[in-house]
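Only one structure is covered here, and it is reproduced in the block below.
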Amino acid sequence: MNSKHEKTLINFKKAKSHIEKIIKMLESNEYCIDIMQQNLAVIGLLKSAHQMLMESHLNSCFKNAMKTSNEKRKQEMIQEILKVSKMANK
């Protein structure tokens, strides 16, 4: 596993930990603003992990696909990036 993937994995593990904390906070009827702050922390971690995954993909899989002469494969890769980008912006 390369260092980028390790950092991404760390973000996912932190997000998981925060989500577990949020669940406990909700079960304990803690203050709504405190819960929302934890929720925003999770969203930030997930967005950061997504960005790291995208950068890694663009610098490896996508870059390699663009070097080939296979036009169909190039178009598939472009469509995949567009699809994921649209999903991320919803």
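Just so you know, all these numbers are worked out from the coordinates, no wet-lab data involved. Values in this document were obtained by computation on a predicted structure and should not be read as measured data. Cβ sites come from the backbone with ideal geometry, for glycine too, and all protein chains shown count toward neighbours.
A few remarks follow.
- Close contacts from region 3-25, counting a first residue that is more than 25 Å from His57 (Cβ to Cβ) and touching a residue at least 40 places away in the same chain (Cβ under 8 Å) and a second that is part of a helix (DSSP H, G or I) and among the polar types (S, T, N, Q), with Cβ to Cβ under 9 Å and a gap of 6+ residues or different chains, come to none at all.
- Within region 1-53, considering residues that are assigned to a helix (DSSP H, G or I) and among the hydroxyl-bearing types (Ser, Thr, Tyr), the one nearest to Asn89 (Cα to Cα): Ser48
- Filter result for Lys63 (of a type in the set (D, E, K, R), part of a helix (DSSP H, G or I) and surrounded by 11 or more Cβ atoms within 10 Å (Cβ to Cβ)): yes
- Answer residue from region 5-42, given it is polar (S, T, N, Q) and on the phi < 0 side of the Ramachandran plot and is surrounded by the fewest Cβ atoms within 10 Å (Cβ to Cβ) among those: Ser28
- Pairs with Cβ under 8 Å, 6+ apart, first in region 33-49 and closer than 14 Å to Lys7 by Cβ, second surrounded by 16 or more Cβ atoms within 10 Å (Cβ to Cβ) and charged (D, E, K, R): Leu45/Lys14
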